[in-house]
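Colleague: Below is the structure I would like to discuss, written out as structure tokens.
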Amino acid sequence: MAENDQFSADFSKLFQNWTETAVKFWQDVGNQEQPFSAAAAKTDSQSDSAAGEDDKYRAYRSWENTWNTYISFFQLMMAPQNQDEIFKNASTLAETITQATEESLENFTEFQTELVRSLAAATQHTNTHHYSTIDHTTFESFREFYRTELQKYLHIPKIGLPRELHEHFAEFTDKSNIFCSHLAEFLYLLILPLEKSQQLMQKKIKQMVESGEISTDSKELYGDWIKVLEGQYMQLLKSSEYTDVLNNTIGSLAEYKRIKQELTNTFLKDLQIPTNSDMDEVYKELYTMKKKIRELSRKVEMLEKDNTS
Amino acid sequence: MNQVKIPVDLILKSIDESRRDTSSRLKRASTVLTGELDTEIASTPHSVVYEEDRVKLKHYKPEKQRVKTPLLVIYALINRETMLDLQPKRSVIENLLDQGVEVYMIDWGYPTRKDQFVTIGDHVNGYIHNIVNFISDECGSQKINIMGICMGGVFSIIYSALHPERVRNLVTTVTPTNFDTDKGLLNIWMKNTDAEILGDVYANMPGDIMNLGFLLLNPARLMIDKYVSFFQNMDNKTFVENFIRMEKWIFDSPDVPAATFKQFITDCFKQNLLIQSKLQIDGERVDLKKITMPVINFYGKYDHLVPPESCDVFTSMIGSEDREDVCFDTGHIGIYVSSKCQREFAPRIAEWLGNRDN
């Protein structure tokens, strides 16, 4: 405790010294016979009015005022009666940051543990001929982690003039992450039959070796493998698990493409280039007009035929 | 413990043989791949006789016309009509011409962003109707024959139901009409996902994304085995040429206009309105009972895109008494390109049309 007090006093003294030096420096600058812009001012017309002088030093005066305010603020902060309050606030801020980091790290560790567990269990959970028991935990865990720990930062309300652009960027990042996680899961499913067919072939070859009937013809073995692989794929592709993952991938792709388009449109609008949406409106009008013309042409033809007959 | 004997010597010998074989194959392949290859597709002579927006009408004239009524081929909006004319001696168009059928074929072109509002109705009552009018004027007949392929088959069914007075005979091939089935991954995926939102997001449904979807129907064969097979045969010039032609076709995928895509997914895949005669096109109900002209319906037993269950109900729901289902032992594309089907498919159509050419 005594050490802390000592450190606090030293630090306070150091800061006070620095503030005093800074104040002295800027006061010296302020007390110069010729301020920064004064030399330039003298070369100008000698008949400048007082109002004119003020105009020339306006920027300097504004800058000087800002620094004075800044210095006063620090002097006030360093006053002995305020130091306790400042250190308390600083410590509250540090505590808050530590707490948030701790929570995120805990969740991240949990996610990592889950990931390792599910990766280890992945092959145990997926029987060779059944895709209904595929372990989706890895991807679900990631999405859960993403939803609870990362997505919220992207959803922080955006403010100010570039709000729309920031929102588009945040949504683009969000949808892109979600799409990537679904795509990764989809690709993982597509790789499973390869892995399973190799396991089956290894078993088969082992049996052949044990029974002394191993084939020396690699084409024959390849033929067997491709049949097994085809069967494995058929099992997978027919399963509702595959359809669900496919549907999620399609859905997230659609969302990703939509926001990507919106983001692109924002830039194109700034550059005064027609966007796809603008062009679509034109195409729609063209389509409607062409359809109408086609109908009218047919009616005219029929009327002409009626008249001639 | 029994010691298992592994024929290491045989395995090593096999690996060595395989290495030598691959090495010499690569040498020969380099000659083939750097040499001149004939990979042109859609080379049967034709002329473009009608154009509207991005849509073109190709006209193929037989040396000797045996079937009086011309045949209009309506291809799907997915991939391109060049599949019917992949290469000489492997071309449905060429075979139909050999049988004396005059062929008109729609080339839907490449829809752009400005086509995103084009609906099924615009395709059927707009482009197809105008084309039928054009062909009628050319041949001097009120009625023409129509052949639809896959999604184009759906368009031709809708057209035949809405304008039965303009269709003499209707041929549908690998055409999905009953979507209430869990056979076929496309049916499962389209029913259980919100794929139609991609139409909104991309303005049109990108052909590449659809292609990716088709590859995922059988990744083992379409993304691995196919290219392993290419690697094993890349010293065979004919194989390489055919392979490249097919690659050219399969990855030549125009986008599908968003409005059409969304309507097709919602009304057909999700609500199965067509087969129930409840589909509304431009405010008019598509009543299958109004299809009173002769109908022949082809489909593939091993079709993974449009399974037989999606095709074989159609003829029982139409008003025509002259109707026939033909199931080939092949897949979605095989019906047009396999050697066996090449011998049977076009001659069967020509004969059937010839018998109903009055």
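Colleague: Am I reading the A/B interface right? What is its buried accessible area, both sides, 1.4 Å probe, to the nearest 100 Å²? Walk me through the numbers on the way to the answer.
Modeller: Numbers: alone 22900 and 16660 Å², together 36090 Å².
Accessible area lost upon association: around 3500 Å².
Colleague: What is the Cα centroid distance between the range B:145-161 and the range B:242-317, reported in whole angstrom?
Modeller: Taking the Cα centre of each part, the range B:145-161 and the range B:242-317 sit 8 Å apart.
Colleague: Another one. Given a 1.4 angstrom probe, I'd like the percentage of the accessible area of the range B:67-201 that is carbon and sulfur, rounded to a whole number.
Modeller: On the way: 1640 of 3500 Å².
That share works out to 47 percent.
Colleague: Mind putting a number on the dipole of the range B:212-329 about its Cα centre? Charges go on the C-beta only, +1 for Lys and Arg and -1 for Asp and Glu, and I need it in Debye to the nearest 20. Could the numbers behind the result be given before it?
Modeller: Values: 13 positive and 18 negative charges, 57 e Å.
For the range B:212-329, the charge dipole is close to 280 debye.
Colleague: What are the ³J(HN,Hα) couplings of the range B:186-193, residue after residue, when phi is run through the Karplus curve with 6.51, -1.76, 1.60 and θ = phi - 60°? Round to Hz, x for glycine and proline.
Modeller: Result, rounded to whole Hz: 4, 4, 5, 5, 5, 6, 9, 10.
Colleague: Roughly how crowded by other chains is peptide B:36-44, in terms of the mean Cβ count from those chains within 10 Å of each of its Cβ atoms? Can you show the working numbers first?
Modeller: Numbers: counts 0, 0, 0, 0, 0, 0, 0, 0, 0.
Counting other chains' Cβ atoms within 10 Å and averaging over B:36-44 gives 0.
Colleague: So if we plug the beta-carbon distance of residue B:112 and residue A:264 into 1/(1 + (r/R0)^6) with R0 = 22 Å, what FRET efficiency do we get, rounded to 0.05?
Modeller: Given R0 = 22 Å and the Cβ-Cβ separation, E is 0.75.
Colleague: While we're here: Taking R0 as 25 Å, what's the FRET efficiency between residue B:355 and residue B:137 from their Cβ-Cβ distance, rounded to 0.05?
Modeller: The formula returns an efficiency of 0.45 here.
Colleague: Per residue, how much accessible area does the range B:77-148 have with a 1.4 Å probe, in Å²? Working shown, then result.
Modeller: Values: 2050 Å² over 72 residues.
Accessible surface, normalised per residue, equals 28 Å².
Colleague: Going Cα to Cα from residue A:290, which aspartates and glutamates come in below 13 Å? Please leave out same-chain ones fewer than 8 positions away.
Modeller: B:52, B:53, B:115, B:122
Colleague: Please name whichever of B:202, A:161, B:231 sits farthest to the positive end of the charge dipole of the protein assembly as shown, dipole taken about the Cα centre and charges placed at Cβ: Lys and Arg +1, Asp and Glu -1.
Modeller: Positive-most Cα among the choices belongs to B:231.
Colleague: Placing +1 on the Cβ of each Lys and Arg and -1 on the Cβ of each Asp and Glu in the protein assembly as shown, which of B:339, B:101, B:10 has its Cα farthest towards the positive end of the resulting dipole?
Modeller: Farthest along the dipole direction, towards plus: B:101.
Colleague: Could you give the dipole magnitude of the protein assembly as shown about its Cα centre, charging the beta-carbon of Lys and Arg +1 and that of Asp and Glu -1, in debye to the nearest 20?
Modeller: Values: 74 positive and 98 negative charges, 567 e Å.
Here the size comes out at about 2720 debye.
Colleague: If you average the sequence gap of Cα pairs under 8 Å that are 6 or more apart and divide by the length of chain B, what percent do you get for the contact order?
Modeller: Numbers: 649 pairs, mean separation 76.6, N = 358.
Across chain B, relative contact order equals 21 percent.
Colleague: Quick one: net charge of residue B:78's neighbours, Cβ under 13 Å, K/R +1, D/E -1?
Modeller: Working: positive: B:80; negative: B:81, B:208, B:252, B:255.
Residues near residue B:78 contribute -3 overall.
Colleague: Then there is this: What does the highest-first list of B:191-198, B:320-327, B:66-73, B:157-164 look like by mean Cβ count within 10 Å?
Modeller: Numbers: B:191-198: 19.1, B:320-327: 14.8, B:66-73: 21.1, B:157-164: 23.1.
Taking the mean over residues of other Cβ atoms within 10 Å, the ranking is B:157-164, B:66-73, B:191-198, B:320-327.
Colleague: Let me ask something else about it. For an R0 of 45 angstrom, estimate the FRET efficiency from the Cβ-Cβ distance between residue B:215 and residue A:307 and round to the nearest 0.05. Numbers along the way, then the final one.
Modeller: Working: r = 57 Å, r/R0 = 1.26.
The value I calculate is 0.20.
Colleague: Counting Lys and Arg as +1 and Asp and Glu as -1, what is the net charge of the other residues whose Cβ lies under 10 Å from the Cβ of residue B:277?
Modeller: Numbers: positive: B:278, B:285, B:289, B:290; negative: B:287.
My count for the surroundings of residue B:277 gives +3.
Colleague: Place a +1 charge on the Cβ of each Lys and Arg in the range B:47-354 and a -1 charge on the Cβ of each Asp and Glu, then give the dipole magnitude about the Cα centre in debye, rounded to the nearest 20. Please list the in-between numbers first.
Modeller: Values: 33 positive and 41 negative charges, 87 e Å.
For the range B:47-354, the charge dipole is close to 420 debye.
Colleague: I'd like the distance separating the alpha-carbon centroids of the range B:70-97 and the range A:57-109, in whole Å.
Modeller: Centre-to-centre (Cα) distance: 79 Å.
Colleague: Here's something else I'd like to know. Taking the simple approach of a point 7 Å from Cα along Cα-to-Cβ for both residue B:252 and residue A:116, what is their distance in nm?
Modeller: With each label point 7 Å from Cα toward Cβ, the separation is 5.6 nm.
Colleague: For the protein assembly as shown, what is the percent of antiparallel DSSP beta bridges, rounded to the nearest 5? All intermediate terms of the calculation are to be shown ahead of the outcome.
Modeller: Details: 16 of 39 bridges.
Among the beta bridges of the protein assembly as shown, antiparallel pairing accounts for roughly 40 percent.
Colleague: Give the lysines whose C-alpha is closer than 27 Å to that of residue A:175, dropping any in the same chain fewer than 8 places away, or say none.
Modeller: A:152, A:158, A:257, A:260, A:269, B:191, B:262
The values are calculated or read from the model by the stated rules, or taken from the named source; none is laboratory data. As the structure is a prediction and not an experimental result, all values here were calculated from the model. As a convention, Cβ positions derive from the backbone with ideal geometry for all residues, glycine included, and neighbour counts pool all protein chains shown. Accessible surface is based on the protein model in full, side chains and every heavy atom, while ligands, DNA and RNA are left aside. Shrake-Rupley method; radii C 1.70, N 1.55, O 1.52, S 1.80 Å.
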